[in-house]
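Read-outs throughout are calculated quantities, based only on the coordinates presented, and are distinct from any laboratory measurement. In this text the structure is predicted, and so the values were computed from the model without any measurement. Every residue, glycine among them, receives a Cβ derived from its backbone with ideal geometry; neighbour counts consider all protein chains shown.
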Ligand code: DON
């Protein structure tokens, strides 16, 4: 008998073991991957939070819930966001909800849906300048010319078709009902309408819908939007074409053109959301996933955190710490102004901006006893923004959404397209319209963010996930240019491991955006000693009214706990439902 060497047997055994592992390990791993003990939602309005929870109870996932919440917010927060605006959805998609057409092996994935507005093809910077080449006052802020092509309706359709489990007829139903039956005016609505009353009054459609006989409505007044209900119905029935084609598109184009805008049918039909890889970074023990360009949010956040990485904040007193964080903000926001814009139009060395070696060089600019020398000319700033909206959601599979959505300033352009109920954004103001000119948030920029047809304006929206092995934090906020510094401050708190979501949303805030060259702070954010210290170092200062409206969801994997917190500065609601969501009782709706 031929001698069969034993060594042949071992590789065979080995191959067998590898095969067994390949088949068994993934299912073992899935079975042992922790799952949230329920669902959690935090949004800027209780009705949006309830709509999201209701959709989760009906078998929807986090993406369906995000559609429902976004649509309800579009109805009840017309000052913050709407079908006439855009924004960014940051998603964590768990294997069960991978898109059906995914060919590659499906694993957990982070995706950013870029639903930012695009400049109409016929528009150039000249449209916003007078005969002397100076910006025409408010041309990029009020009226039809101020509006980019909206992205939010396309995002809702994309989410439903690619990631959701329920049809839009179900997920948009709560918003359609609210638009038709009306919602009761609440204090944030009144405050925003006060700020924008003049422009709302000038547009007959906005005046009819959002004011009461030309005046800011009293609490208790009911705002009904039957045209918006019909527009939402067309979106639910016909998807992308229900907004960007057919009757809605015709009315949008006719209405905009009749009021001085330059939209075309092609601008609308060509609009698509873009799936982009989010920005990834690390700070101490945190993994950061955040908004990619054309939002500057993720890059500026990771840069500021990279600068602070080896700065021992824990050993500093409160004043020293404030100085270090302010300097990191100044330096990171300076790069926003110098380098960032729409990546489909300009080449941006993102890799360098996110690299620890570069951050170390920037860190070397920070001095304890003086301000970093950053050259730049100060500019006038305009209005403060505290609108826009954010929602944070997690479902029982671990799917997550952080979405920041906007019309830009309060009530956007204040122009509602007749026959559609769609209030348009004024996001064109986020472009650099003239070199050196600041936008309404006082932000300056470079050629990278210069207006061009079809381009997306640079944003500061910063929907973000923070993760350790034990914890997941989903967060974001409105606040114009201050969004990034708010998310930065919250991230530093999370990294410190102190407090909880309720404390993080409440904590007083301070801000520096390079130009205008001053520290802005909420009452109580800096004590007297801190203000004196900053003054000695040469920091100009300005106290602000409270700003921001942060929404945070936390999943503590170790303790198996969920938390949802809504900023007390806004009128929102955070809600956790433990266990597998079930169908609601009628009384619960
Ligand atoms: O995209 C941006 O950065 C701004 N248009 C966001 C506006 C905003 O957050 C207004 N709220 N305060």
Note the full-extension length gain between residue 106 and residue 496 as 0.36 nm times their separation in residues minus their Cα-Cα distance, in nm to one decimal. 137.0 nm
Taking 337-350, 55-68, 559-572 and ranking on average Cβ neighbours within 10 Å, highest first, one gets 55-68, 559-572, 337-350
Of all beta bridges DSSP finds with both residues in the chain, what is the antiparallel percent, to the nearest 5? 95
Centroid-to-centroid separation of segment 389-465 and segment 51-125 [C-alpha atoms, Å]: 15
Peptides ranked, highest mean first, by Cβ atoms within 10 Å: ranges 226-234, 129-137, 282-290: 226-234, 282-290, 129-137
Relative contact order (percent) for the chain, with alpha-carbon contacts under 8 angstrom and 6 or more residues of separation? 23
I want to check the label-to-label distance for residue 367 and residue 528. Put each point 7 Å from Cα in the C-beta direction and report it in nm to one decimal. 2.9
Segment 527-547 and segment 145-182 have their Cα centres apart by a whole-number Å value of 43
If each DSSP helix of 4+ residues adds -39,500 (n - 2.57) and the sum is divided by the residues in the chain, what number results at 222 nm, nearest 500 deg cm²/dmol? -10500 deg cm²/dmol
Order of 181-194, 322-335, 454-467 by packing, highest average Cβ count within 10 Å first? 454-467, 322-335, 181-194
Write down the radius of gyration of the chain and its Dmax, each obtained from C-alpha positions, in Å. 24.5, 105
Where the centroid of each part is defined by its Cα atoms, how far is segment 314-379 from segment 224-294 in Å? 32
Computed FRET value (nearest 0.05) for residue 161 with residue 536, which takes r as the C-beta separation and R₀ as 60 Å: 0.55
√(5λ) per eigenvalue of the Cα gyration tensor, segment 69-172, largest first, Å: 36, 17, 10
